[in-house]
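Working notes, beginning with the structure itself.
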Amino acid sequence: MPTLPSGRAFALSMGHIIEPGTQMFTCPEGHYWFQKADRAMNAPPYQPDQPVLCDFKHAPCPTTRQEALGILYVLEAAHPDDEQLYWPGYTVAEPEALADLTAEDRAAWDAWVASDRTVEFLDQVIAKCKAQAEANKKSHGYMVIRERATDEQSPAVLARHVASKHGAEMAQEGLLLEHQLMTKYALDNDSERRRIFNRLEELLGEIDAVVDDPAPTAPEVWHARGIVTRLLLRPIEAERAFLEAARNAPFELSPWLELTRVRAEQGKLALAEEAARKAVGINNQSAPAWANLAAVLMEMDSPQDALAAAEKALAIDPADVVARNVMKRCGGRS
């Protein structure tokens, strides 16, 4: 952390880059996920201790140190000799980040950026983005956000963290079972299908035993219940579960994606469209969100609107299967 001639202290941060291996939404190959402030909700500059509402975005991994430098947050100490840093709201690439530095301060900053220690840090940034992009290849297409539990939290908060963690783990197992169910081996083998459905029934029992009433405390549990009941061909239960997950975590994309799917499968196309548009509103850079909307609009006999949504999905992820199918069926280029 450099202290400049004027006494101002700065630092660079890659904390907004999601840790490799975190369960995330799918995204194009070679992209990394990061948090980005929603400037429509909270415009910078931010003040110390100001809560900032962020969204999740993805972008191509940086390949050079200069690119890595540009994506980093610039942190600053609120007062001289204050070790507590805060984020005013800018990355290095944005001119506002360092706009008010004196010529002397800027020279000192540039010298620090060129130092061996900072260069090593930039290499770590590139490695982190690439590691996350590689891990994203195994993503199941949803994510769960939880705060870290601490010993100082109340028993109720700690119980919520336990339930949330358990719910996320069971949702991942449900998605793994879905993948197994779709394999040729399961499709051709009655005993394998029975094994999978028996485990789904067991998993549903485990989910319902996590908490007596998960609605106010653990949206992850409701999400897991939705996945499992959907696979058990109980769409009404699945829809209710995903709706509860969405109500308790309204800015999470995954429940709205699942609501779109389960409502469409029941023929509730107007409600499916509502969920799909909500998903797009939460993350308009999500190819699955646009593809789901395209599929629903196609079923609602709105081919031009379906094509437009499918094109947006394919602009984000050219390999999106749902969007490509919509393009094919509606007469567009795939």
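Quick one: how many residues across the range 325-334 are within 28 Å of the chain's Cα centre (by Cα) and surrounded by fewer than 20 Cβ atoms within 10 Å (Cβ to Cβ)?
2
With respect to residue 123, is the statement that it is over 23 Å from residue 62 (Cβ atoms), touching a residue at least 40 places away in the same chain (Cβ under 8 Å) and not in a loop (DSSP other than H, G, I, E, B) true?
In short, no.
If you take the residues of the range 1-39 that are polar (S, T, N, Q) and part of a strand (DSSP E or B), which of them is surrounded by the most Cβ atoms within 10 Å (Cβ to Cβ)?
Selected residue: 35.
Can you name the residue in the range 70-100 that is touching a helix residue (DSSP H, G or I) at 6+ places or on another chain (Cβ under 6 Å) and hydrophobic (A, V, I, L, M, F, W, C) and is also nearest to residue 13 (Cα to Cα) among such residues?
Only one residue fits best here, namely 74.
Restricting to the range 76-124, give me the number of residues that are under 16 Å from residue 36 (Cβ atoms) and buried (at least 16 other Cβ atoms within 10 Å of the Cβ).
Result for the range 76-124: 7.
I'd like to verify a number: residues in the range 281-311 that are farther than 21 Å from residue 271 by Cβ and surrounded by 20 or more Cβ atoms within 10 Å (Cβ to Cβ), how many?
Selection size over the range 281-311: 3.
Name the residues in the range 50-92 that are within 22 Å of residue 19 (Cβ to Cβ), of a type in the set (A, V, I, L, M, F, W, C) and assigned to a loop (DSSP other than H, G, I, E, B), would you?
Those that are within 22 Å of residue 19 (Cβ to Cβ), of a type in the set (A, V, I, L, M, F, W, C) and assigned to a loop (DSSP other than H, G, I, E, B): 52, 53, 61, 72, 87, 92.
Scan the range 184-200 for residues that are of a type outside the set (A, V, I, L, M, F, W, C) and surrounded by fewer than 12 Cβ atoms within 10 Å (Cβ to Cβ) and jot them down.
Listed by number, the residues that qualify are 184, 185, 188, 190, 191, 194, 198.
Rule-based calculations on the coordinates, nothing more; no lab input. Everything numeric in this text was worked out from a predicted model, so none of it was measured. Ideal geometry is used to build each Cβ from the backbone, glycine not excepted, and the neighbour counts take in all protein chains shown.
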